[in-house]
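The values are calculated or read from the model by the stated rules, or taken from the named source; none is laboratory data. Predicted model, so just to flag it, every value in this text is computed and none were measured. Heads up, the Cβs are rebuilt from the backbone with ideal geometry, glycines too, and the neighbour counts pull from every protein chain shown. For the accessible areas, the whole protein counts, side chains as well, though only heavy atoms, and no ligand, DNA or RNA atoms are used. Shrake-Rupley method; radii C 1.70, N 1.55, O 1.52, S 1.80 Å.
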Amino acid sequence: SEARVLSEVRRKLRDQTVTLPELQRSLSREAEDIPTEDKLKMLQVWGCGLCTFENQLRDETCVMCNNLRPKLSEEQEKVLHKGKWKCERCTYLNPKHEKTCEVCKFKRPLTKEEEEEERRKSEE
């Protein structure tokens with residue numbers, strides 16, 4: 001169950017008996033047995049290796065002790081960036097519907113659908 005897995009993760013991090021990459025590999029193997037909704041919940045948090053507090057994925061440092069967030073797994077990156085696009089100039093994550101970066105005003109690349117629409121308009 002989710003509680004059992006999280007308890008084991010906290011123990012391993014606290015005791016420093018596992019490295020983060022080993023833990024991520026282990027979790028992804030164990031996660032195959034966990035229902036999809038529970039997997040999503042687990043991917044939305046990260047456990048601090050110093051104080052074991054569970055932080056929101058968007059937090060780059062632990063809100064309790066300021067420890068840096070470890071490198072995210074590929075699955076966590078997908079969850080974190082879902083519905084957003086990364087600016088090529090400043091790397092800010094913008095909402096998907098924005099056509100220019102909210103920070104530096106760089107124009108985002110067109111989606112395939114937008115390219116098709118532009119092509120259709122130019123052919124008219």
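Summary of values
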item	result
Residue list for segment 66-78, restricted to those being open to solvent by 60 Å² or more (accessible area, probe 1.4 Å) and not charged (D, E, K, R)	N66, L68
Odd one out for M42 among (1) surrounded by 14 or more Cβ atoms within 10 Å (Cβ to Cβ); (2) at pLDDT 70 or above; (3) not in a helix (DSSP H, G or I)	(3)
Where a residue in segment 92-112 is without any contact (Cβ under 8 Å) to a residue 12 or more places away in the chain and its partner, wherever it lies, is open to solvent by 50 Å² or more (accessible area, probe 1.4 Å) and not β-branched (V, I, T), with Cβ under 6 Å and at least six apart	T100/K107
Test: residue in segment 79-93 that is open to solvent by 50 Å² or more (accessible area, probe 1.4 Å), among the β-branched types (V, I, T) and modelled with pLDDT of 85 or more	yes
